[in-house]
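One structure below.
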Amino acid sequence: MALIILGHPNLETSLANKAILEVLQKSELELEVRNLQQLYPDYQIDPKAEQEALLRHQTIVFQYPVYWYNMPAILKHWFDVVFEYQFAYGSQGYKLRGKNFVPSFTVGGPESEYHTKGEHHFRVYEFWKNLEQTAYYAEMNYVEPMYFHGTSLNAGFTELQIKEKARHHAERLIDKLRELK
Ligand SMILES: Cc1cc2nc3c(=O)[nH]c(=O)nc-3n(C[C@H](O)[C@H](O)[C@H](O)COP(=O)(O)O)c2cc1C
């Protein structure tokens, strides 16, 4: 029913993304999860296998932790090799046209630091214009990103708080996926 592209480069050390995934996998939803780090530890992503997976689904969720105000390198690399000319766009392309593009990510810092005078200066949504335009370029149905703040232990959040927020996030995501069905 939905494809989850998991762009976490080190799930063993993850709290938030791992907890989200656990809730998703326990739900009754039919999900195909592609853990990029596990599939491609050497970053040699197979574009054909990934494109075939995309073609099997109407809804694609991009699940990742925010790294340097962006997606982790393995997921960026995935876009670079999978969203090819004559697949994602081009005269023979637009194979993803109309599919749901659902960003779902975790933000280490608190929302209070994502403003002009805060540590991160910009509102969090100002960092994802390129993601949104990527979806439009491929003529996909861009769905408003789902995310939550405060996932960094070193920003003072406890493991329990992070796991609780992750569970809540996963439940919201499940509701969204049911709605998109
Ligand atoms: C390389 C790296 C870069 C990061 N960059 C940011 C950032 O730009 N903004 C932010 O709020 N948090 C940042 N963080 C914190 C991550 O967003 C946070 O660790 C992640 O959401 C936690 O998810 P996880 O428990 O699944 O690993 C960064 C963390 C790492 C390791």
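The values are calculated or read from the model by the stated rules, or taken from the named source; none is laboratory data. Only a predicted model underlies this, so the values are computations on that prediction, with no experimental measurement involved. Cβ coordinates were reconstructed from backbone atoms using ideal geometry, including for glycine residues, and neighbour counts include every protein chain displayed.
Annotation: of all residues in the range 9-44 being in contact with a strand residue (DSSP E or B) (Cβ under 6 Å, 6 or more places away or on another chain) and of a type in the set (D, E, K, R), the one that is farthest from residue 72 (Cα to Cα) is 32.
Among the residues of the range 27-42, none qualifies, meaning not one is farther than 23 Å from residue 81 by Cα and within 10 Å of the ligand (Cβ to nearest atom).
In the range 67-88, the residue that is farthest from the ligand (Cβ to nearest atom) out of those that are outside any helix (DSSP H, G or I) and buried (at least 18 other Cβ atoms within 10 Å of the Cβ) is 87.
Limited to the range 99-121, what total is found for residues that are of a type in the set (Phe, Trp, Tyr) and more than 11 Å from the ligand (Cβ to nearest atom)?
1
Checked against the criterion of being of a type in the set (S, T, N, Q) and modelled with pLDDT under 95, the range 115-128 contains not a single residue that satisfies it. Here residue 107 fulfils each of the conditions (1) in contact (Cβ under 8 Å) with a residue 60 or more places away in the chain; (2) hydrophobic (A, V, I, L, M, F, W, C); (3) in contact with a strand residue (DSSP E or B) (Cβ under 7 Å, 6 or more places away or on another chain) apart from (1). Annotation: residue 168 fulfils all but one of (1) within 30 Å of residue 49 (Cβ to Cβ); (2) more than 11 Å from the ligand (Cβ to nearest atom); (3) in a helix (DSSP H, G or I); the unmet one is (1).
Take the residues in the range 147-162 that are assigned to a helix (DSSP H, G or I) and either buried (at least 17 other Cβ atoms within 10 Å of the Cβ) or acidic (Asp, Glu) (or both), then tell me which one is farthest from the ligand (Cβ to nearest atom).
159
With respect to being of a type in the set (S, T, N, Q), modelled with pLDDT of 95 or more and surrounded by 17 or more Cβ atoms within 10 Å (Cβ to Cβ), residue 100 fits the description.
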